[in-house]
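Input: a single structure, listed below in structure tokens.
The values are calculated or read from the model by the stated rules, or taken from the named source; none is laboratory data. Since the structure is predicted, the reported quantities are computational estimates derived from the model, not experimental observations. Using ideal geometry, Cβ is built from the backbone for each residue, glycine included, and neighbour counts are taken over all protein chains shown. Note: accessible area is taken over every heavy atom of the protein model, side chains too, but ligands, DNA and RNA are not part of it. Shrake-Rupley method; radii C 1.70, N 1.55, O 1.52, S 1.80 Å.
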Amino acid sequence: MQISSHFPFRFALPTIIEFGSNSFDALGTRASALGNAPLVVTGKHSAHAMGLLERVLQQLPNARVFDAIGENPDTTICEQGAAFSREHNCDVIVAIGGGSPMDAAKAIAVLARNDGPCAHYFGADKYVNAPLPIIAVPTTAGTGSEVTPYSVLVDPVERTKRTIAGNALFPRVALLDPELTRSMPRNVTIATGLDALSQCMEGIVSKKSTPLGDALALDGIRRVCEFLPRAADDGENDIDARTQMLCAALASGIIVAQSGTTLVHGMGYAYTIECGIAHGLANALLLAPVFAHNARIAPARLASIASAMGGDPANPGTAVVQSLYNLLDRLEVSRCAHDHGVTEEQIEKFATEIAKDPYRFRNQIGDLTRDDVYRFYRQSLDGAL
Ligand code: NAP
């Protein structure tokens, strides 16, 4: 089935993508072509545990390492990373890890060349000097941050996520090596894989969807539905499932770089920041309510998603919701946000806050009120429409 596409459209992807086992071994050559003083930005645990840092230092013996990035990084840690970069005169950034280190690395790249705190650069193209060049090496399969121009950070003052965006934040090179994702534990595999699914689904219904993105998104949805359960069940051995999931995540990043995210992400940030739910899982808990709404506004687009998920396109809303619930059941993840620690009192507050912030609705189809947002949270809380 052909979806009617939005014309005209713009599609930018300046990142060079190297995908495949051992692509990580190209790091030294790629980094040397961009600078002489590399700064590695990574998380606290897995790059050490996997021996990845040793492999980096074999290829880049003079690299400095900033390994303090936790999950959902805030602006403060990025400002510290930028000070470290300036202190050591670093001139190329190597981001290794999930979306958290990759996003922190992008903010560090901006602040290393531009004065002031992160808050000065929220929005699009707010910096004056070009950020340091970035090479991104994902170790999760979900965000696609390796091919996006966004750094999504927690603003500790506003207690929400804000974005630094700009074309110069596209990593120059993305090295996608499925071997590096083998060590993800089951819960991280599931949460990150659901983020890829969410980004693909949201891309198709975004006001800024593109025909190229639609094709990639349907492909990404098919891959997640088929391979996420396998990656979750036996990801240490099933390299084929890991490869397919990394490819789906890449597709989801390419899409989100063009089409942005929709209300699902806007609402999910509250689950992550206030309730500690992993980013991708937070989105997944909101997909069914928001896509039941989307089905009424854009039935043809939902029909294509339903087909990609193996459901009946003749009843797109019902089919997509049922496919989502089936996937969560198969992954042994409760569809009720309540079971993940969200409370009734919290969703009242979340709905009121989201409704006041037009940015959260910028790509969302349909006119929505605070009551609609509350209803989506309520349905997510109960795991039923
Ligand atoms: P993450 O927060 O980067 O990582 C989740 C956990 O997995 C961390 O504890 C991490 O520990 C661990 N981990 C990472 N790779 C591992 C591996 N190979 N083996 C074992 N453990 C591993 O999770 P994420 O879902 O990838 O990223 C989420 C962040 O990305 C959020 O802040 C979200 O807002 C952002 N995001 C950005 C974009 C964008 O376009 N910029 C798009 C979507 C989401 P260590 O780091 O300590 O190893």
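Can you list the trypsin sites (Lys or Arg not before Pro) in the stretch 1-92 that are in a DSSP coil and have 16 or fewer other beta carbons within 10 angstrom?
Details: sites: R10, R30, K44, R55, R64, R86; in loops: R10, K44.
Here the trypsin sites (Lys or Arg not before Pro) that fit, given the DSSP loop and packing criteria, are R10, K44.
Kirkwood Rh over Cα pairs of the chain into Stokes-Einstein at 20 °C, 1.002 mPa s: D in µm²/s? Before the final figure, lay out each step's value.
Working: Rh = 20.7 Å.
In µm²/s, the coefficient rounds to 104.
Return the distance in nm (one decimal) between the two label points of a simple spin-label model at R370 and V128, each offset 7 Å from Cα along Cα→Cβ.
Taking the simple label geometry, R370 and V128 are separated by 4.1 nm.
Please list, in chain and number order, the residues 5+ apart from D74 or on another chain whose amide H is under 5 Å from its amide H, with Hs placed from the backbone.
V154
Give, as a single signed number, the net charge of other residues whose beta carbon lies under 11 Å from the beta carbon of H48, with Lys and Arg counted +1 and Asp and Glu -1.
So the surrounding residues net to -1.
Looking only at the chain, where both bridge partners belong to it, what percent of the DSSP beta bridges are antiparallel (to the nearest 5)? Working shown, then result.
Working: 6 of 29 bridges.
Of all bridge pairs located within the chain, approximately 20 percent are antiparallel.
Between S4 and I239, what length comes free when the chain is fully extended (0.36 nm per residue of separation minus the Cα-Cα distance, one decimal in nm)? Don't jump to the answer; show the numbers that get you there.
Numbers: separation 235, 0.36 × 235 = 84.60 nm, distance 3.61 nm.
Gain on extension, S4 to I239, equals 81.0 nm.
Would you list M184, M201 from the most to the least accessible area, probe 1.4 Å? Kindly include the intermediate steps, with their values, before the conclusion.
Values: M184 25, M201 0 Å².
In descending accessible area the options line up as M184, M201.
Straight-line reach from K106: which lysines have a Cα under 28 Å away, not including same-chain ones fewer than 8 places off?
K44, K126, K161, K207, K208
I need to check one value: relative contact order of the stretch 189-331, counting alpha carbon pairs closer than 8 Å and at least 6 residues apart, in percent. Don't skip to the answer; put the middle values down first.
Numbers: 221 pairs, mean separation 39.9, N = 143.
That works out to 28 percent.
Any idea what diffusion coefficient the stretch 186-382 gets from Stokes-Einstein, in µm²/s, Kirkwood Rh on alpha carbon pairs, 20 °C, 1.002 mPa s?
Values: Rh = 16.4 Å.
So the translational diffusion coefficient is about 131 µm²/s.
Taking GluC sites (Glu not before Pro) as exposed when DSSP calls them loop (any state but H, G, I, E, B) and at most 14 other Cβ atoms lie within 10 Å, what is the longest stretch of the chain free of them, the sites themselves excluded? Kindly include the intermediate steps, with their values, before the conclusion.
On the way: sites that count: E158, E236, E332.
Here the longest run is 1-157.
Given R₀ = 22 Å, what would the calculated FRET efficiency be for N187 paired with E226, taking r from the Cβ atoms and rounding to 0.05? Provide the component values of the computation, followed by the final result.
Details: r = 20 Å, r/R0 = 0.92.
My answer for the efficiency is 0.60.
Rounded to the nearest 10 Å², what accessible area does C118 show when all protein chains are kept and the probe is 1.4 Å?
0
Lys and Arg at +1, Asp and Glu at -1: add these up for the other residues within a Cβ distance under 15 Å of I365 and post the number. If you can, show how the numbers build up before the last one.
Numbers: positive: K207, K208, R296, R301, R360, R362; negative: E202, D214, D367, D372.
My count for the surroundings of I365 gives +2.
Hydropathy first: keep DSSP H helices in the chain averaging at least 0.0 on Kyte-Doolittle, then drop any whose Cα extent along the axis falls short of 24 Å, and list what survives. Please report the intermediate quantities before stating the final value.
Working: long enough: 186-205 (29 Å, 0.57); 211-234 (34 Å, 0.06); 239-259 (30 Å, 1.00); 279-297 (26 Å, 0.83).
Qualifying helices: 186-205, 211-234, 239-259, 279-297.
Using a simple spin-label model with points 7 Å from Cα along the Cα→Cβ vector, what separation in nm is obtained for I16 and L57?
Label at I16, label at L57, 2.7 nm between them.
Can you sort T160, T189, T343 by 1.4 Å-probe accessible area, starting with the largest? Please report the intermediate quantities before stating the final value.
Values: T160 25, T189 5, T343 50 Å².
Highest to lowest solvent-accessible surface, that is T343, T160, T189.
Using +1 at the C-beta of Lys and Arg and -1 at the C-beta of Asp and Glu, which of L287, Y127, A95 has the Cα lying farthest in the positive direction of the dipole of the chain?
Projecting each Cα onto the dipole axis, the largest value belongs to Y127.
Report the calculated FRET efficiency for N167 and R330 (r = Cβ-Cβ distance, R0 = 30 Å), to the nearest 0.05. Present the calculation step by step, with values, prior to reporting the outcome.
Numbers: r = 39 Å, r/R0 = 1.29.
After rounding to 0.05, the efficiency reads 0.20.
Given points 7 Å out from each Cα along the Cα-Cβ axis, report the D155 to T352 separation in nanometres with one decimal.
1.9
Hey, what did the stretch 16-181 get for relative contact order, percent, Cα under 8 Å, at least 6 apart?
Working: 363 pairs, mean separation 46.4, N = 166.
Contact order relative to length: 28 percent.
Express in nm, to one decimal, how much length is gained between D115 and E344 on full extension, taking 0.36 nm for each residue of separation and deducting their alpha carbon distance.
Numbers: separation 229, 0.36 × 229 = 82.44 nm, distance 4.23 nm.
Extending this stretch completely gives an extra 78.2 nm.
In 10 Å bins starting at zero, report the fraction of Cα pairs in the stretch 295-385 per bin as a rounded %.
Calculated over all Cα pairs of the stretch 295-385, the distribution is 16, 36, 39, 9 percent.
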